[in-house]
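Some notes on the structure that comes next.
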């Protein structure tokens, strides 16, 4: 009886793990080649204006996010990846004139969490480094 319970418990854990993996995959599947536009309408107005736009690539990874203001583009951020990886290798932030203002590059730990972030000026000069620390309570 005890053996049967342990086997059933292990099977349940395996199915739960596979289900969670499928759920993550299906979320990414739904984002393939997706463009999400957020529209805002000021109180007292009926005219919506574009507030934010996010674009995903054929693998479901975020590749661009544009924030808008009343005058047009406020800022734009592009994301690049190595191969088919889901870990962002580099982010480039652009201003309202579409000129680069900051470049971020990332290092990851073996478990996929961020290890370090390097912040560069558009000239390529290192501006700062951020280190990530993870702890559990």
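Considering the range 55-89 alone, what residues qualify as being part of a strand (DSSP E or B) and touching a helix residue (DSSP H, G or I) at 6+ places or on another chain (Cβ under 9 Å)? Matches in the range 55-89: 56, 62. Just so you know, in the range 1-15 the residues that are modelled with pLDDT of 50 or more and in a helix (DSSP H, G or I) include one that is nearest to residue 71 (Cα to Cα), and it is 12.
Residue under question is residue 60, and the condition is that it be at pLDDT 90 or above, loosely packed, with under 10 Cβ neighbours inside 10 Å and on the phi > 0 side of the Ramachandran plot; does it hold? Walk me through it before giving the result.
Working: at pLDDT 90 or above: yes; loosely packed, with under 10 Cβ neighbours inside 10 Å: no; on the phi > 0 side of the Ramachandran plot: yes.
Taking the combined requirement at face value, the residue does not satisfy it.
Of all residues in the range 27-38, how many are surrounded by 11 or more Cβ atoms within 10 Å (Cβ to Cβ) and either modelled with pLDDT under 95 or outside any strand (DSSP E or B) (or both)? Give the derivation first.
Restricting attention to the range 27-38, the residues satisfying the condition of being surrounded by 11 or more Cβ atoms within 10 Å (Cβ to Cβ) are 28-29, 31-32, 34, 36-38.
Next, from what is left, pick out any that are either modelled with pLDDT under 95 or outside any strand (DSSP E or B) (or both): 28-29, 31-32, 34.
Residues that pass the stated criteria total 5.
The values are calculated or read from the model by the stated rules, or taken from the named source; none is laboratory data. What you see is a predicted model, and the numbers here were worked out from it, not measured in a lab. Note that each Cβ is placed from the backbone with ideal geometry, even for glycine, and that neighbours are counted across all protein chains shown.
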